[in-house]
Amino acid sequence: KYIAAKKLASMVRDYEIVTATNTILYSECGTTYYLNSATEFASTLPSPVVGCQFTFVIKAAPVGANYTVVTASNATVIFGSVTVNGAVIAGANEDTITFTASAALAGDWVTVESDGTNWYVRGQGAPATAITLTDAA
């Protein structure tokens, strides 16, 4: 039983249920964040670190405001694409990933991974306009 319990524990990823503005630290690389609030908020990424990855999953659909994932110092270092309602939404030189209020649903997600210079995004949203990639600065 000990071996089975140890194996199960090694398969559980770090996670956090987030209910307010969150400034993410390098030491949290590999964490999945479940966004869960009636008053939506921003999560700020650290500067890119090679191999660092974070996943953001909607737990409570945003209603009154957006959930956003933003870069440190508004750096335009987000590249990649997400699939939203079957359409590919591409981004290049962006600083904000938005889970749109009254559009994004529980289960919509994005993952960002870094090469040390940029953040590369992939993800999926169910309804049209659920997720956007923009340069908000």
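The values are calculated or read from the model by the stated rules, or taken from the named source; none is laboratory data. As the structure is a prediction and not an experimental result, all values here were calculated from the model. Neighbour counts are summed over all protein chains in view; Cβ atoms, including those assigned to glycine, are modelled from backbone coordinates with ideal geometry. The area values use the complete protein model at the heavy-atom level, side chains included, leaving out ligands, DNA and RNA. Shrake-Rupley method; radii C 1.70, N 1.55, O 1.52, S 1.80 Å.
Rolling a 1.4 Å probe across the protein heavy atoms gives the range 1-121 an accessible surface of 52 Å² per residue.
For the chain, the mean residue ellipticity at 222 nm estimated from helices alone is -2000 deg cm²/dmol, where every DSSP H run of n ≥ 4 contributes -39500 (n - 2.57) and the total is divided by all residues, rounded to the nearest 500. Under the convention that each Lys and Arg Cβ holds +1 and each Asp and Glu Cβ holds -1, the size of the dipole of the range 12-101 around its Cα centre is about 140 debye.
Taking every DSSP bridge with both residues inside the chain, close to 60 percent are antiparallel. The distance from the alpha carbon centre of the range 110-137 to that of the range 73-108 is 4 Å, rounded to a whole number. Once P(r) over Cα pairs in 10 Å bins from 0, in percent is calculated for the structure shown, the corresponding label among [x] 13, 44, 32, 9, 3, 0; [y] 13, 39, 28, 17, 2; [z] 12, 36, 28, 14, 8, 2, 0 turns out to be [x].
Toward the positive end of the charge dipole of the chain, with +1 on the Cβ of Lys and Arg and -1 on the Cβ of Asp and Glu, the farthest Cα among 109, 41, 88 is that of 109.
Of all the accessible heavy-atom surface of the chain, with the other protein chains kept in place and a 1.4 Å probe, what percent is carbon and sulfur? Write out the running numbers ahead of the final one.
Working: 4000 of 7060 Å².
Within the chain, the accessible surface is 57 percent carbon and sulfur.
Please state, as a whole number in µm²/s, the translational diffusion coefficient that the Stokes-Einstein equation yields for the range 80-137 at 25 °C and 0.890 mPa s, with Rh defined as the Kirkwood radius across alpha carbon pairs.
215
Contact order for the range 55-137, expressed relative to its length and based on alpha carbon pairs under 8 Å spaced 6+ residues apart, stands at 38 percent.
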